[in-house]
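The values are calculated or read from the model by the stated rules, or taken from the named source; none is laboratory data. Since this is a predicted model, take the numbers as computed values, not measurements. Neighbour counts run over all protein chains shown; Cβ positions are idealised from the backbone, glycine included. With ligands, DNA and RNA removed, areas are computed over all heavy atoms of the protein, side chains included. Shrake-Rupley method; radii C 1.70, N 1.55, O 1.52, S 1.80 Å.
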There are 4 protein chains.
Amino acid sequence: MKFTYKTQIRLHDTDAAGILFFANQFKILHDAYEHVLEKMGFSFNQMLTKRSYFLPIVHAESDYKKPLFVGDKVVVTVNVAHIGTTSFSFAYQLHNLKKQLVGSGKTVHVTINKKTRAKITLPAECRQALLKFSGKA
Amino acid sequence: MKFTYKTQIRLHDTDAAGILFFANQFKILHDAYEHVLEKMGFSFNQMLTKRSYFLPIVHAESDYKKPLFVGDKVVVTVNVAHIGTTSFSFAYQLHNLKKQLVGSGKTVHVTINKKTRAKITLPAECRQALLKFSGKA
Amino acid sequence: MKFTYKTQIRLHDTDAAGILFFANQFKILHDAYEHVLEKMGFSFNQMLTKRSYFLPIVHAESDYKKPLFVGDKVVVTVNVAHIGTTSFSFAYQLHNLKKQLVGSGKTVHVTINKKTRAKITLPAECRQALLKFSGKA
Amino acid sequence: MKFTYKTQIRLHDTDAAGILFFANQFKILHDAYEHVLEKMGFSFNQMLTKRSYFLPIVHAESDYKKPLFVGDKVVVTVNVAHIGTTSFSFAYQLHNLKKQLVGSGKTVHVTINKKTRAKITLPAECRQALLKFSGKA
């Protein structure tokens, strides 16, 4: 399976240099990630209120290939990059409407117990969903 | 004419109190405003690069009726509230999917010369678009 | 008593029009409010984790008098504007280093029970702190 | 030379999971970078308005070691990590007041012509400042 998320650069995403402020690309990556999790049946709100674990980010990175201006439409492609024992990672690619790669990114997540914040093995429902999403189950 | 803009509360819109951070409602209002301007034929990018005037906000306000949580879908209705000589204002209403009013807001804009930043009379194209949008032309 | 909070416009506060994005003035107001609450002995972290009530914002407004550019230093003056039965409000004024008024704002807060989200009478410790802050106790 | 930048986690930096939203660590890194540039005599405002080049970020990354909560004070240490022909990079470390490493990050910048957006050799004044900052001049 392959998920895409469509969005548009808004004025508040830009800065006085006239283009997307780099940190806001990470917001876009996370918006895409939330969108994908929803499609996989994991709403963030449920996770925050009903589940016993969190999936915090321990590493994030982005590359910037072309400037993005206010109003630019962007398609984000999301893939599962890795499924480990206590962690997983997502890879993202951003294309403009001319299908040019304008940026890319990665987020690495660990699963932790919500109360103790100790690292835990990926919950079964979580692993299953990731495998399904990556086309391996 | 009546414009609506659909969006969804993302994790980065919320804060540690668990709900939409109040300042981020203003971002949503502006997203809706940019969406409407585009529909009216005024892209922000063109305005920033090609036109000789800006439409800065001189006053903004918001009311918060119900808490909004991550994942909540919101419909923003946008109306022209007032068209003056050198200013205009937009009114916004936010409803959830149960059609409950969750928030509202207003932005007051003036037209200024891009270089001198002096107030100017609403450019004709701008007034026309606003009149058309408000159903008066 | 009168509290001031000093800050500086950062690149991420601005947008492609080259000046402070209006919604980010609300972030600055809230930063000043958090700073004042801390000085009054109410840390946000304690409020979120240990107290039984929240102080959500039900109304917010801002005026914009002069454009603010990246690097501009700003002094925010904070005053208690009103103390009601179940609500209170703060008023804010922003000055640049030339002591010119560049903006102002207001936030209206209600006190609610953290679990039920029902409005409650201002807790005594809260009222006392506000009275003290406003120079009336 | 070694520069440090002190800041505090504000409510708008956090999200509904109760801790710093990962993308906002990048804002903090950039705040520290702006602070350092100022100390080196390169104000962002001057760069945006008077110089012929920009220093856009082409790569950014962050690691997250410990959760940061609203009100937490953070000290960011900034170092020049690399000076190339058309690029340079900064490394950042974030410590809490207990001197524990809570996060780290890196930004890679290229120098481009402001109008053509073509890559250019590091301007002399820029290279000099970086060398001085890294203790090599």
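Over chain C, what percent of the accessible surface lies on carbon and sulfur atoms, probe 1.4 Å?
With neighbouring chains kept in place, the figure for chain C is 51 percent.
For chain B, take the longest principal axis of its alpha carbons; what is the angle in degrees between that and the long axis of helix B:124-133, to the nearest 10 within 0 to 90?
Between helix and principal axis, roughly 40 degrees.
Connecting C-alpha atoms closer than 10 Å in a GNM of chain C, tell me which of C:L55, C:L20, C:L97 has the biggest fluctuation.
Between C:L55, C:L20, C:L97, it is C:L97 that shows the largest mean-square fluctuation.
With an 8 Å cut-off on Cα pairs and a minimum separation of 6 or more residues, tell me the relative contact order of chain A in percent.
So the answer I get is 28 percent.
From the helices alone, meaning DSSP H stretches of at least four residues, give me the mean residue ellipticity at 222 nm for chain D, per-run term -39500 (n - 2.57), in deg cm²/dmol to the nearest 500.
-7500 deg cm²/dmol
Hey, can you grab everything whose amide H is under 5 Å from the amide H of A:D72? Only 5+ residues off in sequence or another chain; H modelled, so Pro and N-termini drop out.
A:I9
Enter the accessible area per residue of the protein assembly as shown (Å², integer; probe 1.4 Å; all protein chains in place).
43 Å²
Rounded, prolate or oblate: which fits the protein assembly as shown, taking a ≥ b ≥ c as square roots of the Cα gyration tensor eigenvalues, rounded meaning a/c under 1.5, else prolate when a/b beats b/c?
Cα axes put the protein assembly as shown in the rounded bin.
Report the net charge of residues surrounding D:F42, where surrounding means a beta-carbon distance below 13 angstrom and charges are Lys +1, Arg +1, Asp -1, Glu -1.
It works out to a net charge of +2.
Give me a comma-separated list of calculated 3J(HN,Hα) values for segment B:97-113, in order, Karplus coefficients 6.51, -1.76, 1.60 applied at θ = phi - 60°, integers in Hz, x for any Gly or Pro.
These are the phi-based 3J(HN,Hα) values: 6, 8, 6, 8, 6, 9, x, 8, x, 8, 10, 10, 10, 10, 9, 10, 5 Hz.
Measuring from a point 7 Å out along Cα→Cβ, what nm distances, shortest first, does C:N113 have to its partners in the other copies?
Nearest to farthest, the other copies are at 3.1, 6.1, 6.8 nm.
Which part of segment B:105-120 falls in the paramagnetic zone of B:A81, meaning amide N under 18 Å from the point 7 Å along Cα-to-beta-carbon?
B:105-111
Angle, helix A:22-39 long axis vs. longest principal axis of chain A, Cα atoms, 0 to 90°, nearest 10?
50 degrees
In segment D:45-95, what trypsin sites (Lys or Arg not before Pro) fall in a loop by DSSP, with at most 11 other Cβ atoms inside 10 Å?
D:K50
Add +1 for every Lys or Arg and -1 for every Asp or Glu among the other residues with Cβ under 12 Å from the Cβ of B:S89, and state the total.
With Lys, Arg at +1 and Asp, Glu at -1, the net is 0.
Accessible area lost on pairing B with D, both sides, 1.4 Å probe, Å² to nearest 100?
700 Å²
In nm, to one decimal, how far is the modelled label at A:E38 from the one at D:K39, with both set 7 Å along Cα→Cβ?
4.3 nm
Let me check I've understood the local charge: for C:A124, count other residues with C-beta under 13 angstrom from its C-beta, Lys and Arg +1, Asp and Glu -1. What total comes out?
Summing Lys/Arg as +1 and Asp/Glu as -1 gives +2.
For chain B, rounded, prolate or oblate, judged on the Cα gyration tensor with a ≥ b ≥ c (square roots of eigenvalues), a/c < 1.5 rounded, else prolate if a/b > b/c?
Prolate shape, in that a/c is at least 1.5 and a/b is the bigger ratio.
For segment A:1-48 and segment D:57-124, compute the distance between their C-alpha centroids and round to whole Å.
22 Å
How much accessible area does C:E38 have with a 1.4 Å probe, in Å² rounded to the nearest 10?
70 Å²
If you put a point 7 Å past Cα along the Cβ direction, how far is that point for B:A91 from the same point in each other copy, in nm, smallest first?
Result, one decimal in nm: 2.6, 5.2, 5.8.
Counting Lys and Arg as +1 and Asp and Glu as -1, each charge on the Cβ, what is the dipole of the protein assembly as shown about the Cα centre in debye, to the nearest 20?
Using Cβ point charges on Lys, Arg, Asp and Glu, the protein assembly as shown gives about 0 debye.
At what distance in nm do the modelled label points of C:I120 and B:K119 sit from each other, each positioned 7 Å from its Cα along Cα→Cβ?
4.6 nm
Go ahead and set up a Gaussian network model of chain C, Cα springs under 10 Å, then flag whichever of C:T107, C:T77, C:T14 fluctuates most.
C:T14
Using a 1.4 Å probe on the heavy atoms of the protein chains only, list every residue of segment D:36-81 that has 40 Å² or more less accessible area in the complete assembly than in its chain alone.
D:E38, D:N45, D:L48, D:I57, D:V58, D:H59, D:A60, D:Y64, D:V70
Over the Cα atoms of segment D:1-51, how large are the radius of gyration and the largest Cα-Cα distance (Dmax), in Å?
That works out to 13.8, 42 Å for Rg and Dmax.
Roughly how many nanometres apart are two label points built 7 Å out from the Cα toward the Cβ at D:L101 and B:T49?
The two pseudo-label positions are separated by 4.3 nm.
May I ask you to report, in nm to one decimal and beginning with the shortest, the distances from A:K132 to the same position in the other copies, taking label points 7 Å along Cα-to-Cβ?
Shortest to longest, the spacings are 4.7, 5.5, 6.0 nm.
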